Amino acid sequence: MTELEVVAPDTTTEADAAVPEWSLSPSRALDFKNCALLYRFRVIDKLPEPPSIDAARGTVIHGILEKLFDLAAAERTVHAAIDLAEPTWQEVLADDEELAALVAEIPGGLPSLLESTSTLLDSYFALEDPTRIEPAEREVLVEGSLSSGVHLKGFVDRLDRSPAGDLRVVDYKSGKSPHEAFEGKALFQLRFYALLLWRSTGVLPKVLRLYYLRDREVLDYSPDEQDLISLERQLEAIGTAITKARETGDFRHKPSKLCGWCDHQALCPAFGGTPPPLPPREIVLTVDEPPVPAEA
C-alpha cells in the first residue's frame, strides 16, 4: 500500500469555526446522505455488522489485483492471478473468525469461493491486459480539506498516468454493473477522488473507470470542472449537516428501499426500535470513521 501526498490547500482562517477533528470518506458521505442514523450507527456507535461473503470476495479480488501488479509485466497472467486466490483468501479468513465460520457453513466452503473468485479473475483479463499497464499508484490514500475544514479521505484502487500527464482513476467492482439510472451513485466514489486529485495537483483526471467483473462491463466517465465544483458544494453541504448532527446529537432516520439491506433495523425507530444512548458529547464531536474496506 502506498501513500500519495494529495492534500488540498487549507483556506481556513482563525476567524473560521473550529475545524472538525473527523474525516469523511465517499462511503460514509453516501451513508449520511441516505440516512443520518445509519451514519451514526457506523461511525459514532461503531456497531458491528455481520460479515458478508460478497464483501469479502471484493476484498480478495482487490488484494489479488494489487499483488498481480507487483509481478513483472510478462508474469501477469490469469494463471498467476488464480494462483494468488487461495493464499489471499486464507489471509482474509485468518483476520476474521466470524467470516471464517460463515465460509465453513456455505455449500462447498472455501473451494466454492475459489471457483467464483477464479471466474471473476477471468473476467478481469477479458476486460484488460495487465501486461500492457504500469500503474502510477495502487491502493493509494488521497486526502484533502474543504474550505470549511472538513477532511476528505479515501483509497484509490489504481491511478494511471499517461506520458502526457493525463490521469485515469480506476476502481474494481466484483459485482454487477448498475442500471443506467444508478450510474451517478456508482461514480460518486470516483468523482470524490477526482475532486481531491484536481484540487491538490491542478490536474483534472481525464477518465474515471469502473470495471464490473461479474458481467464484464466497463463504465467510463470524463469529469469536467463544473461537475467537480458541483460535487464540492454537495460535500460541503453534507459536511455542514454532519457537523450540526454531531453538535446536536440529532441523527434522524430516513426510511427508503435501502432499509431492506440495513443490519440495524432492530435499533431503528422506523421498525419500532430504539437507538442506543449516544456516547459522551466530546466523543461524538471528535470520533473518526473506521478504516474503509474495499467495496464489492
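The values are calculated or read from the model by the stated rules, or taken from the named source; none is laboratory data. Computed from a predicted model, the values in this text were never measured in an experiment. Cβ: placed from backbone, ideal geometry, glycine included. Neighbour counts: every protein chain shown.
Got a sec? Which strands (runs of 3 or more DSSP E) wholly within the range 137-221 have at least 2 residues that are touching a residue at least 12 places away in the same chain (Cβ under 8 Å) and of a type in the set (F, W, Y)?
In the range 137-221, the matching strands (runs of 3 or more DSSP E) lie at 207-212.
Residue under question is D83, and the condition is that it be in contact with a helix residue (DSSP H, G or I) (Cβ under 9 Å, 6 or more places away or on another chain) and of a type in the set (D, E); does it hold?
When the stated conditions are applied, D83 does not pass them.
Which residue out of A101, A164 is over 28 Å from I238 (Cα atoms), exposed (fewer than 14 other Cβ atoms within 10 Å of the Cβ) and in the same structural domain as R199 (by TED's automatic domain parsing)?
Exactly one residue qualifies, and that residue is A164.
Tell me whether the range 261-284 contains one or more residues that are of a type in the set (S, T, N, Q), farther than 29 Å from T201 by Cβ, part of a helix (DSSP H, G or I) and touching a helix residue (DSSP H, G or I) at 6+ places or on another chain (Cβ under 8 Å).
yes
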